[in-house]
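Heads up, the thing below is written out as structure tokens.
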Ligand code: SF4
């Protein structure tokens, strides 16, 4: 074991030791990636690495990361998008790697997992029995008893848990049940003031992370750490972002604000116990106005602010501010932790309502942002105002996608945030949301500003270039390098990309009959073994229904059971097929003969009424770019590459990716999409593909 940092073995030697100990073989792409990560850390230059499935990319970044931690004494942060990868790193890769490298480093590498505070059981909330936040009147009795059972399971688990980590609870529990035992970072009293601070699970997790060489976290916490003024993660100068193709979406979720009848009611319930009734009633009334307005509004993007919505948002904001003022100074109860907890919870909910209402008003420009009575709501005079007036007369705040016009386009250039209305579902009421048009500037300033970032995924080079994603991350030329280490799989020999050019283009009215026939013929040739990736749940269900009558292979559809259970069943029986939508595009890892055919029904463009994607597209167009290519085609390329990536999961796998949408071969943007996919052998001949599938099935 080297005694000091100067004696550390080079990255190549450590990687060889790790690969040998783990029983693997040296892979050129893995060595190349490990060297590039080492160089990026040394030169402090950001790096984007595309590493195909089978490269062994986690070892390729963990080895140089651990070496850097041993050398510098600082932790390296590894961020993932999914719990599955987090678990793989913490439960499998890191323990084995620590064993393998122990004798070669000054100390055994330590690692820890750190999540956001709301993921840990809050001992104070549990002990103090903080008042119930949920509005029981909204529950139906079945939901109440289901939640009651979950609450009981959490209480039993709480007696034994050593980590307090929600993910330990199997099967999982609903957010509603969990909220009764957890607090957000803003609601937390702080370890110094909290009576349970010394035993706090979140604090213990932070402590463990502070002593670790590698801290595994998720993109959401990484974003919060970068954006907040206080540190959430231990001090670090290197971050590895795995599953980096998800970074922009995850960061956007973190910074999306929402306002609805529920968020206002929650604030009223929390504040109502602590302030004069009349002040709380004013907020309650403003919340009721909002509910009435949103109930009749059409869902979708809100391009211009109707006067009625401007007035209501201003009412909500001002009523929330009055409640905040009535609560008094924020540190009033510092020696009374129980009361301090109630006040902190009230402040958090009120701040959220106030700040989100203000943010929504600001999204429409300074005049709207200063709206007091609504009299000064924005009047742009552009053609969209006619829709606004109609909407206002009917009490509706929203509108569909804008028709355009010069003024609207110039507004797009300056607008920084998008507001849209999501329709209510079940117990969830209609909800207004606000999100930034781009998170690139934020990432550039806050994440990339003062640390070295390595971004990696199997899918980063879209259309053969990293430019689309690097633009979304806010990185400029010269600030980063890109590297594609390829894949150990022999794609042209082991996989076929078939585009069904003889089929009609997909329409708006569900799955065309010809598509159902084509899917049936392909599945028959493959003898089952098919993963069907559909662009909507409606199409997945329609295909399942139609084909269950025609085929005699077992056909599973997402939603029949938990996705993990369905994937298990699919993997366990080669004759079985599994159909589904978004979570299957990225989350299925089934090596072996059970997955020989991947069928994709259509190019997965964002829906035309997707508020954020359509606003981003318009914004790019308004600033002189190609909005379709920058947003819709990039989104589709990423998902297509992820979907096609389900086919080859091990060196022995073979099979076919069948895309039924003929536009993949014929449209003007098809080159960009095709260049985003692995280099499979390509054909448009259905007979050839069916023959190949029959041969594969006979040979397995
Ligand atoms: S410090 Fe915060 S999270 Fe921890 S027990 Fe206290 S209130 Fe809960």
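Taking the numbered list (1) assigned to a helix (DSSP H, G or I); (2) over 30 Å from residue 468 (Cβ atoms); (3) modelled with pLDDT of 95 or more in turn, residue 259 passes all entries but (1). Here residue 601 meets the list (1) touching a helix residue (DSSP H, G or I) at 6+ places or on another chain (Cβ under 7 Å); (2) under 30 Å from residue 87 (Cβ atoms) almost entirely, failing just condition (2).
Where helices (runs of 4 or more DSSP H) fall wholly inside region 474-587, the ranges with 1 or more residues that are modelled with pLDDT of 95 or more and over 23 Å from the mean Cα position of the chain (by Cα) are 491-494, 513-526, 537-550, 563-572.
Considering only region 323-334, I want to know if a residue exists there that is part of a helix (DSSP H, G or I), at pLDDT 95 or above, surrounded by fewer than 24 Cβ atoms within 10 Å (Cβ to Cβ) and within 34 Å of the chain's Cα centre (by Cα). Working first, answer last.
Here is the first cut: in region 323-334, the ones part of a helix (DSSP H, G or I) are 323-327.
Now narrow it down to the ones that are at pLDDT 95 or above: 323-326.
Keeping just the survivors that are surrounded by fewer than 24 Cβ atoms within 10 Å (Cβ to Cβ) gives 324-326.
Cutting the leftovers down to within 34 Å of the chain's Cα centre (by Cα) gives us 324.
The answer is yes; a qualifying residue exists.
Restricting the search to region 7-45, which residues are without any contact (Cβ under 8 Å) to a residue 24 or more places away in the chain and outside any helix (DSSP H, G or I)? Listed by number, the residues that qualify are 10, 23, 25, 26. Annotation note: Cβ proximity below 7 Å between a residue of region 100-122 that is farther than 17 Å from residue 72 by Cα and free of Cβ contacts under 8 Å to residues at least 40 places away in the same chain and a residue that is away from the ligand (no atom under 16 Å from the Cβ) and in a helix (DSSP H, G or I) (sequence gap 6+ or interchain) occurs for no pair.
All of 166, 186 fail the test of being touching a helix residue (DSSP H, G or I) at 6+ places or on another chain (Cβ under 6 Å), within 16 Å of the ligand (Cβ to nearest atom), farther than 30 Å from residue 15 by Cβ and modelled with pLDDT under 90, apart from 186.
If you go through region 488-505 and keep only what is under 22 Å from residue 600 (Cα atoms) and touching a helix residue (DSSP H, G or I) at 6+ places or on another chain (Cβ under 8 Å), you end up with 496, 497, 498, 499, 500, 501, 502, 503, 504, 505.
Scoring residue 468 on the criteria (1) outside any loop (DSSP other than H, G, I, E, B); (2) within 21 Å of residue 690 (Cα to Cα) leaves a single failure, condition (2).
A search for C-beta distances below 6 Å between a residue of region 678-690 that is assigned to a strand (DSSP E or B) and any residue that is surrounded by fewer than 17 Cβ atoms within 10 Å (Cβ to Cβ), counting only pairs 6+ apart in sequence or on different chains, returns 681/492. Taking residue 181 as the residue in question, decide whether it is under 26 Å from the mean Cα position of the chain (by Cα), under 18 Å from residue 128 (Cα atoms) and more than 9 Å from the ligand (Cβ to nearest atom). So residue 181 fits the description; yes.
Among the residues making up region 591-618, a single one is part of a helix (DSSP H, G or I) and more than 22 Å from the chain's Cα centre (by Cα): 618.
Working only within region 199-210, note down all residues that are surrounded by fewer than 21 Cβ atoms within 10 Å (Cβ to Cβ), near the ligand (Cβ under 8 Å from one of its atoms) and touching a residue at least 60 places away in the same chain (Cβ under 8 Å). If the condition is that a residue be surrounded by fewer than 21 Cβ atoms within 10 Å (Cβ to Cβ), near the ligand (Cβ under 8 Å from one of its atoms) and touching a residue at least 60 places away in the same chain (Cβ under 8 Å), then 199 is the only one that fits.
Inside region 107-123, residues that are farther than 17 Å from residue 95 by Cα and outside any helix (DSSP H, G or I) make up a count of 5. A single member of 238, 251, 264 is more than 20 Å from residue 122 (Cβ to Cβ), away from the ligand (no atom under 16 Å from the Cβ) and not in a helix (DSSP H, G or I), and it is 238. Checking each residue of region 191-198 against the condition of being within 16 Å of the ligand (Cβ to nearest atom), crowded, with 21+ Cβ neighbours inside 10 Å and more than 20 Å from the chain's Cα centre (by Cα) gives at least one match.
The values are calculated or read from the model by the stated rules, or taken from the named source; none is laboratory data. This is a predicted model, so every value here is computed, not measured. Please note: Cβ atoms are built from the backbone with ideal geometry, for glycine as well, and neighbour counts cover all protein chains shown.
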